[in-house]
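Data block below; observations after.
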Amino acid sequence: MPLSAEALFETYLRPLYPTDALADIERARVTDANPAGNASVLAHLEEAARVFVAMHPRMLGRDVGLDFTDASVHRLSIALTTDVRDRLAQSGAPGSAESDLFNVIVHGAAYVGECVVRAHDGVWLVRRPLWESRVRLRSLAGDAELAVLSWWLRALSDDGLDSKHAGLAERYRTYVEVPTSPLDTLATIAAPRSLPRLHKVTYPTFVKYLHAHLGELRDVGADFPSPERFDAYRFEWLDFLLVGGGRMLVVCGPGEGGLHAFWLEQGGFSKSALFAADAVTDAIGVRIVGDKLAFVVSLGGEVHEHEVLWWGP
């Protein structure tokens, strides 16, 4: 039977919720369960995180070195495989506190939340039951409430395990690491200026363009797409935007699958994104909106605008 995030919740978590919380679960998820700021309640969350650190080698089959750092979340994400999930699902009755999968999810949520609290000055937002607690994170992107339990359910679903872009680490990177990136440490590539569009796109013409218009960027980096992969995108054109006061170069254009974007720092490739479109001609382009970038495509016959921070999604 396929395991979606919803199926994981219904089978392994829902039976253990208080009746009143289930009566209006959306309300329970936004209601402060610790309005007095009782330190002992927060201590329970810290203890749940420590329990996960102690239990995870047995549960996951190996010790991944959980030390409450960002890097530890990435190591943890790699260890969450389909085989591990399925083994945990068979240990202990589903829907009971004896279920290994239930315990990994709820204690793991406490661990990841505690990483945000310790490494990024996050603040616990206590909910009932305790494993529904969220973390408030303040960053250059604004204030956000991080529903860490939901990240776990989605990461352990069939879709999450089948896609490297839907795992726990990807969500942590997108919602925690990117918004809190130390941007003041980025070196300036070049002074901001308008750059022309590249119309006839091949890897050689791309390299020649950089030499001609952005000689300050000496290398695209080892992780930039290979010449073969780059040409396989079959770009119609490419736009080049110096953003963040010239600290980052965004290369964007329509190709196979939609609108592609690449972020490069002075040392080369940083990250990439794809914004799906109905056809190459429906990948409209990108524009700067304050400290954000708006990528515009047509999908399903409708125009969609995707806003991301200038330093990437």
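When a footprinting reagent is the concern and you count Cβ atoms within 10 Å, what order do Phe295, Phe262 take, fewest first?
Values: Phe295 25, Phe262 21.
Placing the least packed residue first, the sequence is Phe262, Phe295.
Between Asp83 and Val303, what FRET efficiency follows from the Cβ-Cβ distance if R0 is 45 Å, with the result rounded to 0.05? Don't skip to the answer; put the middle values down first.
Values: r = 42 Å, r/R0 = 0.94.
That gives a FRET efficiency of 0.60.
So for each of 286-294, 253-261 I average, over its residues, the number of other beta carbons within 10 Å; can you give me the resulting order with the highest mean first? Can you show the working numbers first?
On the way: 286-294: 14.3, 253-261: 20.2.
Ranking, from highest mean packing down: 253-261, 286-294.
For the chain, take the longest principal axis of its alpha carbons; what is the angle in degrees between that and the long axis of helix 70-79, to the nearest 10 within 0 to 90?
It works out to around 80 degrees.
On C-alpha positions alone, give me the angle between the axis of helix 203-213 and the longest principal axis of the chain, in degrees, nearest 10.
70 degrees
Quick check: net charge around Tyr12, other residues with Cβ under 15 Å of its Cβ, Lys/Arg +1 and Asp/Glu -1?
Values: positive: Arg14, Arg85, Arg87, Arg154; negative: Glu6, Glu10, Asp86, Glu98, Asp100, Glu132, Asp158.
Computed value for this residue: -3.
Between helix 39-60 and the chain, what is the angle of the helix's C-alpha long axis to the longest principal axis, kept within 0 to 90° and rounded to the nearest 10?
Compared with the principal axis, the helix lies near 80 degrees.
Enter the Cα centre distance for the pair the stretch 237-258 and the stretch 6-55, rounded to the nearest angstrom.
Each part's Cα centre sits 42 Å from the other's.
Which whole-Hz couplings ³J(HN,Hα) result when phi for each residue of the stretch 255-269 is put into the Karplus expression 6.51 cos²θ - 1.76 cosθ + 1.60, θ = phi - 60°, listed in order with x for Gly and Pro?
After applying 6.51 cos²θ - 1.76 cosθ + 1.60, I find x, 4, x, x, 9, 9, 9, 10, 9, 10, 9, 4, x, x, 4 Hz.
Is there a quick way to get the dipole size of the chain? I mean about its Cα centre, with the Cβ of Lys and Arg at +1 and of Asp and Glu at -1; what is the value in debye to the nearest 20?
Details: 30 positive and 41 negative charges, 117 e Å.
It comes to approximately 560 debye.
Using the Cα centre of the stretch 184-309 as the reference point, and only Cβ charges (+1 on K/R, -1 on D/E), how large is the resulting charge dipole? Debye, rounded to the nearest 20.
Details: 11 positive and 16 negative charges, 88 e Å.
In total the dipole reaches around 420 debye.
If neighbour count is taken as other Cβ atoms inside 10 Å, put Arg193, Arg234 in order from fewest to most. All intermediate terms of the calculation are to be shown ahead of the outcome.
Details: Arg193 9, Arg234 13.
With the sparsest Cβ surroundings first, the list reads Arg193, Arg234.
Could you state, as a whole-number percent, how many of the C-alpha pairs of the chain are farther apart than 26 Å?
Details: 26569 of 48828 pairs.
When every Cα pair of the chain is considered, 54 percent fall beyond 26 Å.
Percent relative contact order of the stretch 1-99, based on C-alpha pairs within less than 8 angstrom and at least six residues apart?
Numbers: 42 pairs, mean separation 32.9, N = 99.
Here the relative contact order equals 33 percent.
Return the calculated 222 nm mean residue ellipticity for the chain, to the nearest 500 deg cm²/dmol, obtained by summing -39500 (n - 2.57) across DSSP H runs with n ≥ 4 and dividing by the residue count. Before the final figure, lay out the partial values.
Details: 12 runs with 109 residues, N = 313.
So the helix-based figure for the chain works out to -10000 deg cm²/dmol.
Taking Cα pairs under 8 Å and at least six residues apart, what relative contact order does the chain come out at, in percent?
On the way: 522 pairs, mean separation 37.9, N = 313.
After rounding, I find 12 percent.
Rounding to the nearest 20 debye, state how big the charge dipole of the stretch 5-177 is about its Cα centre with +1 on each Lys and Arg Cβ and -1 on each Asp and Glu Cβ.
Values: 19 positive and 25 negative charges, 44 e Å.
Dipole magnitude for the stretch 5-177 comes out near 220 debye.
Taken together, the values in this text are just the output of simple stated rules run on the coordinates, not laboratory data. This structure is a prediction, so every number in the text was calculated from the model and none was measured. Reconstructed Cβ throughout: ideal geometry from the backbone, glycine too, with neighbour counts over all protein chains shown.
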